[in-house]
Structures are given as C-alpha cells and as structure tokens.
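Colleague: Structure provided below as structure tokens; questions to follow.
Only the coordinates and a few stated rules stand behind these numbers; no lab work does. Just so we're clear, the structure is a prediction, and the values are computed from it rather than from any experiment. Using ideal geometry, Cβ is built from the backbone for each residue, glycine included, and neighbour counts are taken over all protein chains shown.
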Amino acid sequence: MSDCIFCKIVDKEIPADIVFEDDQVVAFKDRNPIAPVHILIISKKHILSVREATKEDTLLMGRLIMTAKKISDDLKISKKGYKLLIRVGKGGGQEVDHIHLHLLGGARLSENIHPI
Ligand code: AMP
Ligand code: ZN
C-alpha cells in the first residue's frame, strides 16, 4: 500500500470529488481551492514531479494538459481563459510529491507568485 495521498485517490482508498477519469489520469477538485474553478489533474502512474519524469512519460505529460483542456471546455471556462500550473519540488512550492497539474479558472487571475 502506498503512502502517497494522490495514489490513494487513484486507488479510491480516500475520497475525492472526481470530475474526470480515464485509464491514465484522474482529475478532482482541489480541497483548498484558490480560484472558483480549481481542479487537479494527476497521472495514475506515481511520478514524483516533472523533475523525475522520463522520456517514456512524454505522452502522459501531454495527456495531463489535454485533459485540462477537455475539462475547461466541459466547465465552459475556456473562452474567458484559465491558468495551468505545475509546481516542481520544494523550491517551486510543490507540497504533494505526485505529479499534478492545477487547472485554475472562473475568475481573472493575478500573476502573484510569492517567493518562499
Ligand atoms: P502543490 O502545492 O502544487 O503540491 O499542490 C497540492 C495541492 O493538493 C494543494 O492545492 C492542496 O490543496 C491539494 N490537496 C492535497 N490533498 C488533497 C486531497 N486529499 N484532495 C484534494 N486536494 C488535495
Ligand atoms: Zn503517488
């Protein structure tokens, strides 16, 4: 059994508000949203971060972005625009060590990224 909280969401060991799932990715609502729409798109495969992704993960990385695109269309936020965010490692502010893409939208978003 994995200690990774996002692997537990993939395995349905802990609940999440899942909005999309296929054979390779899961998307669910962030439990602490910072925008009206805040969805996390994760790979089912446990990859620590972009830093640890390999050439074999190239298609999977693209899949994360194309899933965000699909969800933004489904939620009708794509016309106004949205933000995609991937934090990498402690210096990038990453808190959960399982690769995830933030889909942020539903409001005009500022560019504030605070140094830590
Ligand atoms: P990051 O700082 O990029 O690693 O983002 C981690 C995100 O995961 C944060 O926005 C958290 O609010 C979110 N998060 C952590 N645990 C859960 C969970 N169990 N369900 C939903 N979102 C979560
Ligand atoms: Zn994991």
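Colleague: With the Cα gyration tensor of region 49-100 giving a ≥ b ≥ c as the square roots of its eigenvalues, does the rule (a/c under 1.5 for rounded; else a/b larger than b/c for prolate; else oblate) give rounded, prolate or oblate?
Modeller: Verdict is oblate for region 49-100.
Colleague: Could you sort 19-32, 37-50 so that the peptide with the highest average Cβ count within 10 Å comes first and the rest follow in order?
Modeller: Answer by packing, highest mean first, reads 37-50, 19-32.
Colleague: Turning to a different aspect of this structure: List the residues, sorted by chain then number, that are 5 or more residues from residue 47 or on another chain and whose placed amide H is less than 5 Å from its amide H.
Modeller: 99
Colleague: What lysines does residue 12 reach when the alpha-carbon gap must be under 16 Å and sequence neighbours fewer than 8 apart in one chain are set aside?
Modeller: 29, 44, 45
Colleague: Indicate the gyration tensor shape class of the chain (rounded, prolate or oblate), computed on the Cα atoms with a ≥ b ≥ c the square roots of the eigenvalues: a/c under 1.5 is rounded; otherwise a/b larger than b/c is prolate and the rest oblate.
Modeller: Since a/c stays below 1.5, the shape of the chain is classed as rounded.
Colleague: Charges only on Cβ, +1 for Lys and Arg, -1 for Asp and Glu: so what's the dipole of the chain about the Cα centre, in debye to the nearest 20?
Modeller: 500
Colleague: Enumerate the calculated ³J(HN,Hα) couplings along region 15-29 in order (Karplus 6.51 cos²θ - 1.76 cosθ + 1.60, θ = phi - 60°), each rounded to whole Hz, writing x wherever the residue is Gly or Pro.
Modeller: Listing the rounded values in order: x, 8, 8, 6, 9, 7, 8, 9, 6, 10, 9, 10, 10, 8, 6 Hz.
Colleague: OK, next. What are the ³J(HN,Hα) values, in whole Hz, obtained from phi via the Karplus relation 6.51 cos²θ - 1.76 cosθ + 1.60 with θ = phi - 60°, for each residue of region 48-54 in sequence order, with x given for Gly and Pro?
Modeller: Values, residue by residue: 4, 6, 4, 4, 9, 5, 10 Hz.
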